[in-house]
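In what follows, a structure is listed as structure tokens, so that the remarks can point back to it.
The values are calculated or read from the model by the stated rules, or taken from the named source; none is laboratory data. Note that this is a predicted model, so its numbers are computed, not measured. No Cβ is skipped: glycine too gets one built from the backbone with ideal geometry, and neighbour counts run over all protein chains shown.
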Amino acid sequence: MSSFKNILLDFDGTIMDTSEGILNSFEYTARYYSFDTDREKFRTLIGPPLKDSFRDFFHFKEDEIPSAMAKYREYYTDKGMFQVTLYDGIREAITELKNLGCKVFVATSKPEIYARSIIQKCGLSELFDFVGGSDTAEITRVRKEDVIKYVLNENNIKDTDSCLMAGDRNYDIEGAHSAGIKCAAVLYGFGSRQEFEQARADYIIAHPKELVKIVKESFQN
């Protein structure tokens, strides 16, 4: 096994608990359209591309989705974006990975401009070598596979065996595997062990420090 020198991290549910802002934004949108505003039902919408959520969960027609996304972002860009909490142990884990000589990247289906804004606002910019996400309109680089390939291409990374993705949903696992890299699924985010096992995660971890352990072990093999 190659050493994992390039670590790609999902954002929502892996680096940050972004649930408050996202759920508030969905509730705001649902109320506008007179839909059910049960917040617990919206939890499954944390992670997938926003466009998919409005099509598959709310059943908007394709030509209605842009307006729904705009309504969601009325709240999100004003308040919801910064209603976030850094997960316990993630800063320490990233710092240790950097001390090991790893490069650490963000690979998120969230629009890149939002991810960068949150990271800068929270004073985390120094932790990451590159932040990659979708375009704001969610037309290009929306699927996790495309985001991962974008991050690798922008950083001239050819050796996929040197890469490890960490994320909290099946989309992260499937996207990583489609891009030819392994994935560690995190239990402290928004996914479940059953979801990860069905998606055939390469590793399942309960705390960020376990990611460091996996990387250290890869150096020894």
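Return a yes/no flag: does segment 80-90 have any residue that is on the phi > 0 side of the Ramachandran plot and surrounded by fewer than 18 Cβ atoms within 10 Å (Cβ to Cβ). Among the residues of segment 80-90, at least one is on the phi > 0 side of the Ramachandran plot and surrounded by fewer than 18 Cβ atoms within 10 Å (Cβ to Cβ), which makes the answer yes.
Residue-wise test of (1) more than 20 Å from Lys98 (Cβ to Cβ); (2) of a type in the set (A, V, I, L, M, F, W, C); (3) not in a helix (DSSP H, G or I).
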site: Tyr188; (1), (2), (3): yes, no, yes
site: Arg200; (1), (2), (3): yes, no, yes
site: Ile204; (1), (2), (3): yes, yes, yes
site: Val212; (1), (2), (3): no, yes, no
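Mind listing whichever residues of segment 134-178 are part of a loop (DSSP other than H, G, I, E, B), under 25 Å from Glu217 (Cα atoms) and touching a helix residue (DSSP H, G or I) at 6+ places or on another chain (Cβ under 6 Å)? Of everything in segment 134-178, nothing turns out to be part of a loop (DSSP other than H, G, I, E, B), under 25 Å from Glu217 (Cα atoms) and touching a helix residue (DSSP H, G or I) at 6+ places or on another chain (Cβ under 6 Å).
The set of residues in segment 12-41 that are among the basic types (Lys, Arg) and either touching a Lys or Arg at 6+ places or on another chain (Cβ under 7 Å) or surrounded by 24 or more Cβ atoms within 10 Å (Cβ to Cβ) (or both) is empty.
Inside segment 118-133, can you point out the residues that are in a strand (DSSP E or B) and touching a residue at least 60 places away in the same chain (Cβ under 8 Å)? Spell out how you get there, then give the answer.
Of all residues in segment 118-133, those in a strand (DSSP E or B) come to 130-133.
Listed by number, the list holds a single entry, Gly133.
When segment 157-176 is filtered for residues that are of a type outside the set (S, T, N, Q), over 15 Å from the mean Cα position of the chain (by Cα) and over 14 Å from Leu9 (Cβ atoms), the ones remaining, listed by number, are Ile157, Lys158, Asp159, Asp161. Here Ile139 clears all of (1) surrounded by fewer than 17 Cβ atoms within 10 Å (Cβ to Cβ); (2) not assigned by TED's automatic domain parsing to the domain that holds Asn170 except the condition numbered (2).
Test Ser178 against the criterion of being over 23 Å from Gln83 (Cβ atoms) and either surrounded by 21 or more Cβ atoms within 10 Å (Cβ to Cβ) or hydroxyl-bearing (Ser, Thr, Tyr) (or both), and give yes or no. Considered against the rule, which asks whether it is over 23 Å from Gln83 (Cβ atoms) and either surrounded by 21 or more Cβ atoms within 10 Å (Cβ to Cβ) or hydroxyl-bearing (Ser, Thr, Tyr) (or both), Ser178 comes out as yes. With respect to being at pLDDT below 95, over 18 Å from the mean Cα position of the chain (by Cα) and not assigned by TED's automatic domain parsing to the domain that holds Arg116, Pro48 falls outside the description. When we screen Tyr114, Tyr72, Tyr76 for residues that are of a type outside the set (Lys, Arg), in the same structural domain as Phe130 (by TED's automatic domain parsing), under 17 Å from Glu20 (Cα atoms) and in contact (Cβ under 8 Å) with a residue 12 or more places away in the chain, the only hit is Tyr114.
Is it fair to say Ser53 is among the small types (Gly, Ala, Ser) and surrounded by 15 or more Cβ atoms within 10 Å (Cβ to Cβ)? Judged against the criteria, Ser53 is a match. Against the list (1) surrounded by fewer than 18 Cβ atoms within 10 Å (Cβ to Cβ); (2) within 17 Å of Leu8 (Cα to Cα); (3) of a type in the set (Gly, Ala, Ser), the condition Ala70 fails is (2).
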